[in-house]
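The values are calculated or read from the model by the stated rules, or taken from the named source; none is laboratory data. As the structure is a prediction and not an experimental result, all values here were calculated from the model. All Cβ positions, glycine included, derive from the backbone under ideal geometry; neighbour counts span all protein chains shown. SASA here: full protein model, heavy atoms, side chains in, ligands and nucleic acids out. Shrake-Rupley method; radii C 1.70, N 1.55, O 1.52, S 1.80 Å.
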Amino acid sequence: MSKLKNISNMKAACKEFNGNGGLKALTAQPSALRALKVNGFSDRQIATYIGSDEIMVRKTRLAANITPCVKQIDTLAAEYPAQTNYLYCTYSGSTNDVESAPKPDNRSAKEKGAMVLGCGAYCIGSSVEFDWCAVSAVRQLREDGYKAVVVNYNPETVSTDYDESDRLYFDELSLERVMDIYDIEGVSGIMVSVGGQIPNNLAMDLSKNGVAIMGTQAEDIERAEDREVFSAMLDDLKIDQPKWAVLNSKDQAVKFANKVGFPVLVRPSFVLSGAAMRVATTEEQLRNFLGLAADIAADKPVVVTKFILGAKEIEFDAVADDGEILNYAIGEHLENAGVHSGDATVVLPAQKLYVKTIRQVKTYGKMIAKALKISGPFNIQFMAKGNEVTVIECNLRASRTFPFVSKTLTHNFISLATKVMTNQKPKPYRISLLDIDYVCVKAPMFSFTRLRGADPMLGVEMSSTGEVACFGDNAHDAFLKALQSTGFKLPKKNILLSIANTDFRQEFIEAAQ
């Protein structure tokens with residue numbers, strides 16, 4: 001209790017500077033700033049309390065020579081000197097346990113190496129798929145002779161095995177800590193595109209503060225993540241997308257929804273796994289969902305788009321080099337659009353897409369890659385109804401289907417992307433879908449039965465907690481294997497099937513027979 005009281009007292013003392021000289025007054029007392037850092041206050045917290053901003057606090061701290069030390073985690077219980085590559089940053093120290101970058105730094109790009117940001121804590125939407133991507137990038141870096149520095153804070157991951165990288169920092173994925181490690185290590189750049197949404201969201205702030213982003217540049221990542229900017233870019237490229245609008249009030253949103261017709265989709269920017277994304281079928285729902293979206297992404301634009309019923313969703317995973325696509329994979333969702341891609345059953349290679357649809361997907365993919373000057377991994381989600389193809393969104397990072405695609409096509413897309421991001425100008429893999437005599441299906445797993453009161457209805461916000469992918473001679477064989485592998489048990493007696501939708505009844509007759 002006394003420790004918590006001490007932190008509370010320090011917070012109150014820090015707030016006293018707000019309106020009483022602010023950062024300038026705090027700067028005059030370097031011992032006070034050091035005490036705050038030793039007790040775990042981040043630059044961002046201090047900035048909030050004194051009415052400043054994070055970067056100004058950082059510059060002040062560096063000018064006062066208040067920097068963290070690098071310490072090794074003792075994995076041998078102090079019985080022997082620990083030599084393990086297991087590091088963390090702390091202000092409660094005076095010397096580093098490892099050597100920092102030399103000044104001046106005349107090392108080659110390979111000697112400086114690259115920093116790979118991991119996926120952070122496992123949660124719905126950010127799990128082992130992204131860790132596979134980070135580890136694949138690290139292994140490719142080391143294979144190509146680059147020093148690999150990993151920053152991640154999840155002990156469950158392979159990326160936090162201390163023998164996977166040359167330097168492992170078991171630390172938070174925040175702007176402050178990443179920049180501290182960047183300065184300590186003197187790496188030639190940072191890879192933000194193989195660890196999911198958390199590193200991706202840091203790209204712009206890192207770039208603004210002089211950090212070299214490897215692969216697709218931060219400004220282009222921002223153009224894809226900002227729903228309003230991306231939708232405007234698609235309009236300029238004459239690429240079809242559902243009708244959309246950025247709206248400043250709930251009344252404007254209701255007016256737009258009435259104009260295009262319900263249902264509509266509420267979509268915040270810079271979020272993972274469809275957080276706060278909702279399909280509104282009534283005015284009341286729309287008003288409620290807009291409030292939720294504003295809470296999740298308060299300082300980012302919220303876009304409202306027309307939701308298309310009965311459309312098929314298509315995954316386009318690819319690697320590009322300076323806007324030119326090297327390799328791609330087109331996966332087909334079994335469920336109609338409206339089920340989050342992380343909850344959907346994905347078939348690869350796609351089995352039931354029209355040739356014209358595939359051509360359109362490839363054409364739009366090439367146009368978007370060129371417009372955003374993509375260098376590295378990316379994912380585009382499309383909708384198709386008949387032969388009409390529209391774009392849902394684009395992520396300039398590895399998606400959760402990259403491991404699935406790489407293992408199905410027997411070529412590691414992340415290894416290729418890593419070579420692109422280190423400017424090795426790799427040649428594309430030779431992949432012929434005509435030579436693939438099998439189908440792979442990825443099926444989701446859910447935890448509804450373990451959560452009292454959980455709603456098992458799927459929607460645009462992700463809810464699956466795992467997935468299984470299985471090979472088969474055909475789509476039915478692979479699907480059945482994948483479904484049974486998730487724990488689904490085939491019924492042994494008669495089945496009652498009740499279908500309320502007339503269109504779906506007609507669609508189901510053939511399969512029923």
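Can you give the translational diffusion coefficient of the stretch 382-513 in µm²/s, computed by Stokes-Einstein from the Kirkwood radius over Cα pairs at 4 °C and 1.567 mPa s?
Working: Rh = 18.8 Å.
The calculation lands on 69 µm²/s.
Over the stretch 169-263, what is the relative contact order in whole percent, taking alpha-carbon pairs under 8 Å and six or more residues apart?
About 17 percent, as a whole number.
Relative to the longest principal axis of the chain, what angle (0 to 90°, nearest 10) does the C-alpha long axis of helix 475-485 take?
50
Expressed in nm to one decimal, what extension gain is obtained for the pair residue 499 and residue 373 from 0.36 nm per residue of sequence separation less their Cα-Cα distance? Don't skip to the end; give the middle numbers.
On the way: separation 126, 0.36 × 126 = 45.36 nm, distance 4.68 nm.
Result: 40.7 nm gained on full extension.
Of the cross-linked pairs 356/481; 370/427; 312/442, which ones have a Cα-Cα span greater than 24 Å in the structure shown? Don't jump to the answer; show the numbers that get you there.
Working: 356/481 30 Å; 370/427 18 Å; 312/442 16 Å.
Table pairs above 24 Å Cα-Cα are 356/481.
Report, to the nearest whole %, how much of the accessible area of the stretch 342-441 belongs to carbon and sulfur atoms, 1.4 Å probe, protein only.
Values: 2150 of 4250 Å².
Using a 1.4 Å probe with all protein chains present, the stretch 342-441 comes out at 50 percent carbon and sulfur.
Using DSSP to call loops (not H, G, I, E or B), can you name the trypsin sites (Lys or Arg not before Pro) in the stretch 155-233 whose Cβ has at most 12 other Cβ atoms within 10 angstrom?
Numbers: sites: 167, 177, 208, 223, 227; in loops: none.
Here no loop site has a sparse enough neighbourhood.
Quickly work out the residue 489-to-residue 477 label distance, labels modelled 7 Å from Cα along the C-beta direction, and quote it in nm with one decimal.
Reported label-point gap for residue 477 and residue 489 is 2.7 nm.
Report the label-to-label distance for residue 35 and residue 362 in nanometres (one decimal), using points 7 Å from each Cα along the Cα→Cβ vector.
Taking the two extended label points, one gets 6.8 nm.
Using θ = phi - 60° and the Karplus relation 6.51 cos²θ - 1.76 cosθ + 1.60, list the HN-Hα couplings for the stretch 351-357 in order, rounded to whole Hz, with x at every Gly or Pro.
Coupling constants for the stretch 351-357: 9, 10, 9, 5, 4, 5, 5 Hz.
Solvent-accessible area of residue 222, probe 1.4 Å, all protein chains present, reported in Å² to the nearest ten, please.
So the heavy atoms of residue 222 present about 60 Å² to solvent.
Based on Cα coordinates alone, diagonalise the gyration tensor for the chain, multiply each eigenvalue by 5, take square roots, and list the semi-axes in whole Å, largest first.
Values: eigenvalues 359, 161, 107 Å².
Sorted largest first and rounded, they come to 42, 28, 23 Å.
Compare the Cα positions of 13, 230, 511 along the charge dipole of the chain (+1 at Cβ of Lys, Arg; -1 at Cβ of Asp, Glu; about the Cα centre) and return the one farthest towards the positive end.
13
Report in % the part of the accessible area of the stretch 111-175 that belongs to carbon and sulfur, leaving out ligands and nucleic acids; probe 1.4 Å. Before the final figure, lay out each step's value.
Values: 1060 of 2250 Å².
Ligands and nucleic acids excluded, carbon and sulfur give 47 percent.
Rounded to whole Hz and in sequence order, give me ³J(HN,Hα) for the stretch 429-441 from the Karplus expression 6.51 cos²θ - 1.76 cosθ + 1.60, θ = phi - 60°, writing x for Gly and Pro.
Rounded to whole hertz, the list is 5, 8, 10, 10, 5, 5, 8, 8, 9, 8, 10, 10, 10.
Which residues' amide hydrogens lie under 5 Å from the amide hydrogen of residue 192, considering only partners 5 or more residues apart or on another chain, with H built in the peptide plane?
Correct list: 214.
With labels modelled as points extended 7 Å from the Cα through the Cβ direction, what inter-label distance (nm, one decimal) is found for residue 166 paired with residue 8?
The answer from the label model is 4.8 nm.
What are the radius of gyration and Dmax of the stretch 110-173, computed over its Cα atoms and given in Å?
In Å, with Rg to one decimal and Dmax whole: 11.0, 37.
Under 21 Å Cα to Cα from residue 59, which lysines show up? Leave out anything in the same chain fewer than 8 places away.
Qualifying lysines at Cα under 21 Å: 11, 15, 24, 37, 103, 208.
With a 1.4 Å probe and all protein chains left in place, how much of the accessible area of the stretch 444-510 comes from carbon and sulfur atoms, in whole percent?
Numbers: 3080 of 5550 Å².
Answer for the stretch 444-510: carbon and sulfur cover 55 percent of the accessible area.
Quick check for you: with a 1.4 Å probe and neighbouring chains kept, what is the accessible area per residue of the chain, in Å²?
Values: 25490 Å² over 513 residues.
Accessible area per residue, the chain: 50 Å².
Let me know the shape class of the stretch 452-513, please: from the alpha-carbon gyration tensor, a ≥ b ≥ c as square roots of the eigenvalues, rounded when a/c is under 1.5, otherwise prolate if a/b is greater than b/c, or oblate. Mind showing how you got there, number by number?
Values: a/c = 1.58, a/b = 1.10, b/c = 1.44.
Note, shape of the stretch 452-513 comes out oblate.
Multiply the residue gap between residue 123 and residue 64 by 0.36 nm, knock off their C-alpha separation, and tell me the result in nm, one decimal place. Display every interim value, and only then the final one.
On the way: separation 59, 0.36 × 59 = 21.24 nm, distance 3.83 nm.
Gain in length upon complete extension: 17.4 nm.
Among DSSP beta bridges lying fully in the chain, give the percent that are antiparallel, nearest 5. The partial results should precede the final answer.
Details: 53 of 66 bridges.
Around 80 percent of the beta bridges assigned by DSSP in the chain are antiparallel ones.
When a/c is below 1.5 the answer is rounded, else prolate if a/b is larger than b/c, else oblate, so apply that to the stretch 123-253 with a ≥ b ≥ c taken from the square roots of the Cα gyration tensor eigenvalues. Kindly include the intermediate steps, with their values, before the conclusion.
Working: a/c = 2.17, a/b = 2.01, b/c = 1.08.
Cα axes put the stretch 123-253 in the prolate bin.
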